[in-house]
Amino acid sequence: MLTIAFLGFTFDVLGKLLIAWVTLRLHVKHFKTHHINKEDIQLDIWLSTVGIFLIILGYFFRLPSELQG
């Protein structure tokens with residue numbers, strides 16, 4: 001079950017999620033310290049959240065084929 005391919009797949013998804021989360025945090029911090037149009041930052045936050053959700057969803061869709069692998 002814990003093959004090299006499965007671990008690589010899992011670490012890849014976790015790395016993408018970490019990068020997305022850090023980027024989202026930086027956007028929020030930047031918005032709080034600078035004067036930026038609120039609608040622009042809300043769109044960035046919404047799209048980042050959707051992206052994180054899609055990475056997680058893709059992980060669970062690919063998980064069965066990675067475990068069979």
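The values are calculated or read from the model by the stated rules, or taken from the named source; none is laboratory data. What you see is a predicted model, and the numbers here were worked out from it, not measured in a lab. So basically every Cβ, Gly included, is an ideal-geometry build from the backbone, and we count neighbours across all protein chains shown. For the accessible areas, the whole protein counts, side chains as well, though only heavy atoms, and no ligand, DNA or RNA atoms are used. Shrake-Rupley method; radii C 1.70, N 1.55, O 1.52, S 1.80 Å.
Values for this structure:
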quantity	calculated
Space enclosed by the convex hull of the alpha-carbon atoms of the chain, per residue, Å³	61
The range 13-53: proportion of alpha-carbon pairs further apart than 14 angstrom, %	47
Rounded to 10°, Cα long-axis angle of helix 38-68 versus longest principal axis of the chain	0
Accessible area of Val28 in the full protein assembly, 1.4 Å probe (Å², nearest 10)	40
Within the range 1-30: backbone nitrogen closer than 18 Å to the Ile36 label point (7 Å, Cα to C-beta)	19-30
Helix-only mean residue ellipticity at 222 nm for the chain, each DSSP H run of n ≥ 4 adding -39500 (n - 2.57), per residue, nearest 500	-32000 deg cm²/dmol
Average accessible surface area per residue within the chain, 1.4 Å rolling probe, Å²	80
